[in-house]
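No value in this document is a laboratory result; all are computed from the given coordinates. Bear in mind that the values here come from a model prediction, so they are computed numbers and not experimental data. Using ideal geometry, Cβ is built from the backbone for each residue, glycine included, and neighbour counts are taken over all protein chains shown.
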Amino acid sequence: MDTTQLFSLKGRSALITGGSRGIGRMIAEGFLAQGARVYISARKAAACDQAAKELSAFGHCVSLPADVSTLEGAQALVAAYAKHEDALDILVNNAGAAWGAPYDEFPESGWDKVVDLNLKTPFFLTQALTPMLKKAATDHLAKVINIASIDGISVNPQETYSYAASKAGLIQLTRRMALRLAQERIVVSAIAPGAFASDMNKLARDHGDEVKERIPAGRIGVPEDMAGAAIYLASRAGDYVMGSTLVVDGGVTHAR
Ligand SMILES: NC(=O)c1ccc[n+]([C@@H]2O[C@H](COP(=O)([O-])OP(=O)(O)OC[C@H]3O[C@@H](n4cnc5c(N)ncnc54)[C@H](OP(=O)(O)O)[C@@H]3O)[C@@H](O)[C@H]2O)c1
């Protein structure tokens, strides 16, 4: 067994939606360190370009700005990616949104925005990229990694109805798509992060000391925790993990 190659991503191409900051960026840095060519996407072009520039310190990183919440946007991203590569080894469906509002006032806009991006987009973006994923699946398997959330597994007391539903849906969609895409040598799995500092999780970012009190591990997640999980699933090491959701939360789901 050659364990030095087990977690290598050398020669692989990866597309990470929402790679300009937060969890997507943590994964991008990890993939680059393992030798992958990484393409990151986000709506804000300047921020995406800047992130790619900074990440280029670790390897080949390209910015492909796009709004993937619509089918047109997702297709535009596929077209932009296809200008650089003719195959795709790893897709990370990470871009996500959240919305919190009291039950009585929860708006339809807060439902559609969240469910479109968190649940519909991973399906249609993967569908659009399947020919390129199949092309990559030669002597190794292609990978799709969906970034779900522990809020799709246990109930967060915050009133984020559409978010919780979208993430629970994504976990089941991961299982369903995994069965179908196994036939194409494409392995689909997911990660359910707990608390990681980001613009979305401002509580973890700005009040990490309070948040950590509720985490059995005694701390919030750091980039190495997220990169480690994503590298495992993306590389040869994770080939036999199919349709599963890897919980990376310092034990929170067992405690709350
Ligand atoms: N942080 C946590 O504690 C935590 C916990 C569990 C799960 N997650 C999940 O992890 C993923 C990343 O979250 P995060 O915390 O890193 O959030 P974040 O800091 O808000 O980052 C979100 C990323 O997605 C991009 N994005 C948002 N809407 C987009 C769209 N319509 N099209 C393309 N890109 C879009 C953002 O860039 P633009 O704004 O420029 O588009 C940004 O790059 C999400 O799926 C989230 O649900 C996070």
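Annotations
- Close contacts from the stretch 37-51, counting a first residue that is over 24 Å from K10 (Cα atoms) and a second that is surrounded by 14 or more Cβ atoms within 10 Å (Cβ to Cβ) and hydroxyl-bearing (S, T, Y), with Cβ to Cβ under 6 Å and a gap of 6+ residues or different chains, come to A42/S20; A47/S20.
- When Q34, Q5 are checked against the criterion of being surrounded by fewer than 14 Cβ atoms within 10 Å (Cβ to Cβ) and of a type outside the set (K, R), a single residue qualifies: Q5.
- Counted residues, the stretch 70-108 - those being away from the ligand (no atom under 11 Å from the Cβ) and part of a helix (DSSP H, G or I): 12
- Residue within the stretch 132-141 that is surrounded by fewer than 19 Cβ atoms within 10 Å (Cβ to Cβ), free of Cβ contacts under 8 Å to residues at least 60 places away in the same chain and of a type in the set (V, I, T) present: yes
- The residue of the stretch 197-223 that is nearest to A137 (Cα to Cα), among those that are charged (D, E, K, R) and in contact (Cβ under 8 Å) with a residue 40 or more places away in the chain, is D199.
- Top-ranked residue in the stretch 3-20 [being within 16 Å of the ligand (Cβ to nearest atom) and among the hydroxyl-bearing types (S, T, Y); ranked as farthest from L233 (Cα to Cα)]: S20
- The set of residues from the stretch 21-40 being under 14 Å from S63 (Cα atoms), more than 6 Å from the ligand (Cβ to nearest atom) and outside any helix (DSSP H, G or I) comprises R37, V38, Y39, I40.
- Single residue of the stretch 222-231 satisfying the filter (in contact with a helix residue (DSSP H, G or I) (Cβ under 8 Å, 6 or more places away or on another chain) and crowded, with 18+ Cβ neighbours inside 10 Å) that is nearest to I27 (Cα to Cα): A227
- For the stretch 132-152, filtered to residues that are more than 16 Å from the ligand (Cβ to nearest atom) and assigned to a strand (DSSP E or B), the residue that is farthest from the chain's Cα centre (by Cα) is A142.
- All helices (runs of 4 or more DSSP H) inside the stretch 198-249 with 1 or more residues being in contact with a strand residue (DSSP E or B) (Cβ under 9 Å, 6 or more places away or on another chain): 202-206, 223-234
- Just one of the listed residues (D49, D67, D86) is of a type in the set (D, E, K, R), in contact with a Pro (Cβ under 8 Å, 6 or more places away or on another chain) and surrounded by fewer than 23 Cβ atoms within 10 Å (Cβ to Cβ), and it is D49.
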